Amino acid sequence: MRGPNPCFLTTLMPDGSPQTTETWVDTDGEHVVINTVQTHQKMRNIERDPRVSVAICDAVDPSRYYAVRGHVTNTTTEGGAEHIELLSRRYSGGPYPWYGGRDQVRVILTITADKIHSMDR
């Protein structure tokens, strides 16, 4: 999770259906860490129901992956802008382009794993 690996985060819509988005991923050594925007659908879903699933695959060998079922245990805007810059350098090699504008509020999600499945050939 400390490399530029594809990650897919699934949250639950109000009707219980899954909503999946590709995102950048990080870890604090114990938790999955995701950076998102305060106004996105996944934030509304998480505020209502913190259960999530995350799939992270190896960028070099996509058949190697981790699947994590868990729940968001913390959300914070503190350090969100700095964290997205760190992730951008990791994933793109340069500064974050601020697609939605610099006024967007970045949120760091901390996800605690309830179940981890890995596929490693």
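Go through (1) over 17 Å from Gly3 (Cα atoms); (2) among the aliphatic types (A, V, I, L, M); (3) surrounded by 17 or more Cβ atoms within 10 Å (Cβ to Cβ) one by one and return the number of the condition Ile116 breaks.
The single condition Ile116 does not satisfy is (3).
Any chance you could count how many residues in segment 69-121 are without any contact (Cβ under 8 Å) to a residue 12 or more places away in the chain and of a type in the set (Phe, Trp, Tyr)?
2
Quick one: in segment 6-20, of everything that is polar (S, T, N, Q) and in contact with a strand residue (DSSP E or B) (Cβ under 6 Å, 6 or more places away or on another chain), which residue is nearest to Asn74 (Cα to Cα)?
Taking segment 6-20 as the starting set, the residues that turn out to be polar (S, T, N, Q) are 10-11, 17, 19-20.
Right, trim to in contact with a strand residue (DSSP E or B) (Cβ under 6 Å, 6 or more places away or on another chain) and you get 10-11, 19-20.
Values: Thr10: 17, Thr11: 15, Gln19: 20, Thr20: 20 Å.
Selected residue: Thr11.
Restricting the search to segment 25-41, which residues are in contact with a Cys (Cβ under 9 Å, 6 or more places away or on another chain) and on the phi > 0 side of the Ramachandran plot?
Matches in segment 25-41: none.
Could you please let me know if Ala67 is within 18 Å of Met1 (Cβ to Cβ), aliphatic (A, V, I, L, M) and touching a His at 6+ places or on another chain (Cβ under 6 Å)?
Working: within 18 Å of Met1 (Cβ to Cβ): yes; aliphatic (A, V, I, L, M): yes; touching a His at 6+ places or on another chain (Cβ under 6 Å): yes.
Against the criterion (within 18 Å of Met1 (Cβ to Cβ), aliphatic (A, V, I, L, M) and touching a His at 6+ places or on another chain (Cβ under 6 Å)), Ala67 qualifies.
The rows are residues; the columns are (1) under 19 Å from Leu86 (Cβ atoms); (2) among the small types (Gly, Ala, Ser); (3) surrounded by fewer than 18 Cβ atoms within 10 Å (Cβ to Cβ); (4) modelled with pLDDT under 95.
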residue	(1), (2), (3), (4)
Gly16	no, yes, yes, no
Val33	yes, no, no, no
Val37	yes, no, yes, no
Lys42	no, no, no, no
Ser53	no, yes, no, no
Pro62	no, no, yes, yes
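Consider segment 26-56. How many of its residues are in contact (Cβ under 8 Å) with a residue 60 or more places away in the chain, in a strand (DSSP E or B) and among the hydrophobic types (A, V, I, L, M, F, W, C)?
Selection size over segment 26-56: 4.
Among the numbered conditions (1) assigned to a helix (DSSP H, G or I); (2) loosely packed, with under 12 Cβ neighbours inside 10 Å, tell me where Asp103 comes up short.
Against the list (1) assigned to a helix (DSSP H, G or I); (2) loosely packed, with under 12 Cβ neighbours inside 10 Å, Asp103 comes up short only on (1).
Test Tyr66 against the criterion of being touching a residue at least 12 places away in the same chain (Cβ under 8 Å), surrounded by 14 or more Cβ atoms within 10 Å (Cβ to Cβ), of a type in the set (Phe, Trp, Tyr) and touching an Asp or Glu at 6+ places or on another chain (Cβ under 7 Å), and give yes or no.
Details: touching a residue at least 12 places away in the same chain (Cβ under 8 Å): yes; surrounded by 14 or more Cβ atoms within 10 Å (Cβ to Cβ): yes; of a type in the set (Phe, Trp, Tyr): yes; touching an Asp or Glu at 6+ places or on another chain (Cβ under 7 Å): no.
Considered against the rule, which asks whether it is touching a residue at least 12 places away in the same chain (Cβ under 8 Å), surrounded by 14 or more Cβ atoms within 10 Å (Cβ to Cβ), of a type in the set (Phe, Trp, Tyr) and touching an Asp or Glu at 6+ places or on another chain (Cβ under 7 Å), Tyr66 comes out as no.
The values are calculated or read from the model by the stated rules, or taken from the named source; none is laboratory data. These figures come from a predicted structure and were not determined experimentally. Every residue, glycine as well, gets a Cβ built from its backbone with ideal geometry; the counts of neighbours run over all protein chains shown.
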